[in-house]
Amino acid sequence: MPTDVPLNGHQLTLGLMPLNDAAPFVVAEQLGLFREEGLAVTLKWQPSWAALRDDLQTGVLQGAQMLALMPLTSTLGLDGRATPVISAMTLNLGGNSITLSRALMASLGEDGHDLASPLQVAKALAAHVRERKQRGEPLLKLASVHPFSSHRYLLRYWLAAGGINPDRDVEMRAVAPPLMAAQLASGALDGFCVGEPWNSLAAAQGMGQVVAGSHDIWRFGQEKVLGVREDWAEQHPLAHQALIRALLKACAWLDRPGNRARAAEWLHDEGMPEVPMSVVTRGLEDVDVEQSVEEFQQQNPGWTIFHRYAANFPWRSQTRWYIAQMQRWGHLQGFSDEDLEATLARCVRPDLYRTAARKLGMVVPVVDERSEGTHPSPWWLSGEAGQVPMPADGFIDGAVFE
């Protein structure tokens, strides 16, 4: 039975990672938004996604900043112990990048390849991989942050678009985000896909070059989500709604002009003191009103959107795109389409999002699914009380997902 009474300091512990897109949690704490909603929140920084997963599954955490696939894979029992987790809110769009070592980029340049675009770099890398194989050299070592992460599937998508089979042509690893830059510098890795500020750090250290961002691969695709234990949400529905509202207000604040510099200071001081302040700030920059979205995106591949473009709505179709990528690479064997659809409906909860967003007077989409790659220019999304301006979307290979 639900145990919520009118909230007055409802205690809960939330997990988060040392990444720029943990900003909504830090902002909600610093601005008193959790407290405003009757919550007494403890933030628990985690060293890796595996550690965060374990703490949530064992009940140390009630909720967390999570990779978009984590609620699904935890519920299915694919990632750790089977633990039902639900998500009623997306925290951000984009924020990841692919970085290659300076040595590897120098080799691509010496080979005379066209490196003018993210797709051209992927094609150049494919040619380089073939040449290494002919010379009998070891496979390149590339990393993402977790076996079931957006980073893994964005990296695979980019490699495949260039003509590389990620299961045969390179060695794929999982490395915790804070370790990526150091492993690139030591030569343990030749490249990686990770969230900010770790790409900016590798570039600032002169060890890596960013070659593609999230939006180059899947333009304005889903990144992190708010995940909570299903049993906690069922027992404390008022606290769950309060949590969603607090984070929604934090996300809206982050996308207002002039606020991100303060957020960068808080992130640096609370979660990433070892990263230079200038690097955290650089990775958290937002588009200026005088700039075009296209120009800013090209200059800032790790650009993160926290609220605009209906960013916080938990589109079931976007999680379904990740499922399609898992199926593409044979990572969902043994699960029927019916099982996956039922689990998707269980884990991704736009109905709970709408309840929270309506109370804040926000316009919410009227549908739970939308197509990706069918909008070559900005468009308008129908909402319950108006329309939401949306950006052009698409994939690096021109594909459409419906």
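Structure data summary
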item	result
Any hit, the range 59-66, residues being of a type outside the set (D, E, K, R), surrounded by fewer than 24 Cβ atoms within 10 Å (Cβ to Cβ) and closer than 22 Å to GLY302 by Cα	no
Any strands (runs of 3 or more DSSP E) falling wholly within the range 184-301 and containing at least 1 residues that are assigned by TED's automatic domain parsing to the domain that holds PHE25	224-229
Residue in the range 170-181 that is outside the structural domain of LEU76 (by TED's automatic domain parsing), assigned to a loop (DSSP other than H, G, I, E, B), basic (Lys, Arg) and surrounded by fewer than 24 Cβ atoms within 10 Å (Cβ to Cβ) present	no
VAL129, sole failed condition from (1) closer than 23 Å to ASP397 by Cβ; (2) touching a Phe, Trp or Tyr at 6+ places or on another chain (Cβ under 9 Å); (3) surrounded by 19 or more Cβ atoms within 10 Å (Cβ to Cβ); (4) not hydroxyl-bearing (Ser, Thr, Tyr)	(2)
Verdict on GLU384 being of a type outside the set (A, V, I, L, M) and closer than 30 Å to GLY162 by Cβ	no
Lone unmet requirement of (1) on the phi > 0 side of the Ramachandran plot; (2) crowded, with 19+ Cβ neighbours inside 10 Å for GLY136	(2)
Output for the range 133-153, where each listed residue is under 15 Å from LEU179 (Cα atoms) and part of a loop (DSSP other than H, G, I, E, B)	VAL145, HIS146
Residue that is farthest from GLU294 (Cα to Cα) [pool: residues in the range 78-119 that are hydroxyl-bearing (Ser, Thr, Tyr) and surrounded by 18 or more Cβ atoms within 10 Å (Cβ to Cβ)]	THR83
Sole residue being out of contact with any Ser or Thr (no Cβ under 9 Å at 6 or more places or on another chain), in a helix (DSSP H, G or I), modelled with pLDDT of 95 or more and buried (at least 17 other Cβ atoms within 10 Å of the Cβ), chosen from LEU340, LEU344, LEU332	LEU340
Test result for HIS146, touching a residue at least 40 places away in the same chain (Cβ under 8 Å) and touching a Cys at 6+ places or on another chain (Cβ under 6 Å)	no
All helices (runs of 4 or more DSSP H) inside the range 13-112 with 1 or more residues being in contact with a Cys (Cβ under 6 Å, 6 or more places away or on another chain) and within 23 Å of ASN312 (Cβ to Cβ)	23-30, 70-76
Candidate set: the range 282-312, residues that are polar (S, T, N, Q) and modelled with pLDDT under 95; chosen: the one surrounded by the most Cβ atoms within 10 Å (Cβ to Cβ)	ASN300
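Conditions (1) farther than 17 Å from ASP231 by Cβ; (2) under 13 Å from the mean Cα position of the chain (by Cα); (3) free of Cβ contacts under 8 Å to residues at least 60 places away in the same chain, marked per residue:
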| position | (1), (2), (3) |
| --- | --- |
| THR58 | no, no, yes |
| GLN62 | no, no, no |
| MET66 | no, yes, no |
| THR75 | no, no, no |
| ALA82 | no, no, yes |
| MET89 | yes, yes, no |
| ASN96 | yes, yes, no |
| ALA106 | yes, no, yes |
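The values are calculated or read from the model by the stated rules, or taken from the named source; none is laboratory data. The structure presented is a predicted model; accordingly, all values stated were derived computationally and were not measured. Cβ: placed from backbone, ideal geometry, glycine included. Neighbour counts: every protein chain shown.
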